[in-house]
Amino acid sequence: MSLTSRLLLIIITSSLIFPFSGCKKDDNDTEVINLLENPEDGPVAGNPDGNYSIPSAARPEDVTNPDQVIGDGTPEICTGQLVIDAISKGGKIVFNCGAEPLTITLPETAKIYNDATDEVVIDGGGLITLSGDGKRRILYMNTCDQSLTWTTSHCNDQEYPKVTIQNITFINGNSSSESEYTGGGAIWARGGQLKVVNSRFFNNTCASTGPDLGGGAIRVFDQFEDRPVYVVNSTFGGAEGFGNSGSNGGALSSIGVSWTIINSMFSHNTAVGNGGNPAQDNTPGGGSGGAIYNDGNEMTLSIFGSIIEENEVNAYGSAIFFVTNNHTGNIIIDQSIIRNNIGGSWYPVYPGISMHADTDIKVTNSTIE
C-alpha cells in the first residue's frame, strides 16, 4: 500500500471518514474506519463495541497535506532521531516507513517547542509504534518550561500548542528517572491543548511510589480555558501483559484537568503505590486510581461508550480515583461498562470509583459492578 493510500482520509459524499474502531457512524452519519483495527501485535485501538457519537472537536486532524514526512518509504531510514527532530519543528507529521508495522525506539524524549507551530499533529498512519525502550518518557510538552520557550505571560492558560496524537502506539515509556516533571511514562503535558485519538498505550510506567504523582501512560496539567483532554477510540493496556502502571493512575493522571473519554478501553493497568494521599504513616504514598486518577477542584470526568475493567490498586479507586477538593467537580458516565476491577477501598456510591459521597455523578445506560 502506498503512503498516499495509507494517509489519505477517504471522502464519501464530501464528508471525511475518520478512524474510529467499532463506531459505525459519527454525529454527521458518515461511516468511520479504524486504521488500527487489525494490528500486528496487541489489542485493537478503542472499545470494539463503542458507538458513542464523536463531537467535531474530538475527531482526528486532517493530514492529507502534511508539513513533515518522516522516511522515504523504507523502514531503515525511519530513526528515532528523525522523529525527535520532526516533533521539535512541529506542524502535521506523518510517516513513510514502508507498508508494514514498524517500531521506532527514541534515543531521548521528544519535545514539543512552544514557539515552533501553533498546531502539532503526530499521525502514525496505523503502522507506527514509538518506544521509550523502558528507559525514558516518549513525549513531553510544557508551556511553562522556559527551555521550550515561553510564548505568553500566562503559560498555564494559553491556547497553543494544540497537540493531537493519532493513529499511533506508544510502548515502554518510562519516566521513573524524572525528578522535576514526574509521572507520564509515555506523555507529560501542561498547557495548550491535548487530544489523543485512535491510539494505543502498552507497558508504559512512571515512578512506582509517592502521593499525588502518576500517570503510567499520560499525565496532564493546565489546559486552555479548562477545556477537556479528549481521549477517543484509544486503548490503555487492553489485555494481560500490556497494561500501564504508576504510583497513582495506572493509565491517566491529572491535577485540575477535565477529561472526555469516548469509545475507549482501559484494562490491566495498575496503581502500584502504597498508602494513599496524603501518605499514611510509614508508607511512601500512592496506590490510587487503577485506570484514572483525577485530583483538583472544578473539573469534569466524562466517560462515554468505554470499558474500564480488570485494573488494580493498592489503596483507593480500583477503576477511578476522583477527588475534587472543594466539591465542585462532577462525573458523567454514559453507555459504558466498569467492572471486575481489583482492590482498594472507599467506595461510597459505586464499586471501583473512589470519590466524595457528595460528588455530583450522573450514570446512564451503563453497568458498574
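What do you get for the angle between helix 80-89 and the principal long axis of the chain? Use alpha-carbon atoms, 0 to 90 degrees, nearest ten.
90 degrees
Apply the a/c threshold of 1.5 to the C-alpha gyration tensor of the chain and tell me whether it is rounded, prolate or oblate. Intermediate results must be reported in sequence, preceding the final value.
Working: a/c = 1.58, a/b = 1.32, b/c = 1.19.
In terms of gyration-tensor shape, prolate.
Size of the dipole of the range 211-356 about the Cα centre, Lys and Arg at +1 and Asp and Glu at -1 on the beta carbon, nothing else charged, in debye to 20?
The calculated dipole for the range 211-356 is roughly 140 debye.
If I histogram all Cα-Cα distances within the range 206-333 using bins 5 Å wide from 0, what percent of pairs lands in each bin?
Calculated P(r), rounded to whole percents: 3, 13, 23, 25, 20, 11, 4, 1, 0.
Determine, for each peptide in 110-119, 151-160, 285-294, the mean count of other beta carbons within 10 angstrom over its residues, then list the peptides with the highest first.
Ranked from most to least packed, the peptides come out as 285-294, 110-119, 151-160.
Can you give me the relative contact order of the chain as a percent, contacts being Cα pairs under 8 Å and 6 or more apart?
Computed value for the chain: 11 percent relative contact order.
Just check the range 167-256 against the gyration tensor rule for me: Cα atoms, a ≥ b ≥ c as the square roots of the eigenvalues, rounded for a/c under 1.5, and otherwise prolate or oblate depending on whether a/b exceeds b/c. Write out the running numbers ahead of the final one.
Values: a/c = 1.90, a/b = 1.06, b/c = 1.80.
Oblate.
For the chain, with a Gaussian network of springs between Cα atoms less than 10 Å apart, report the residue from 82, 194, 252 with the top mean-square fluctuation.
82
Mind checking which of 56, 267, 234 has the largest fluctuation in a GNM of the chain, springs on alpha carbons under 10 Å?
56
Where the centre of each part is set by its Cα atoms, how far does the range 160-213 sit from the range 305-369, in angstrom?
22 Å
Cα extents of the range 57-114 along the three principal axes, largest first, in whole Å?
34, 26, 18
Mind running the shape call on the range 265-369? Use the C-alpha gyration tensor, a ≥ b ≥ c as the square roots of the eigenvalues: rounded below 1.5 for a/c, prolate if a/b tops b/c, oblate otherwise. All intermediate terms of the calculation are to be shown ahead of the outcome.
On the way: a/c = 2.10, a/b = 1.26, b/c = 1.67.
Since a/c reaches 1.5 but b/c is at least a/b, the shape of the range 265-369 is classed as oblate.
Bear in mind these aren't lab numbers, they're just calculated from the coordinates by the rules spelled out. These figures come from a predicted structure and were not determined experimentally. Neighbour counts run over all protein chains shown; Cβ positions are idealised from the backbone, glycine included.
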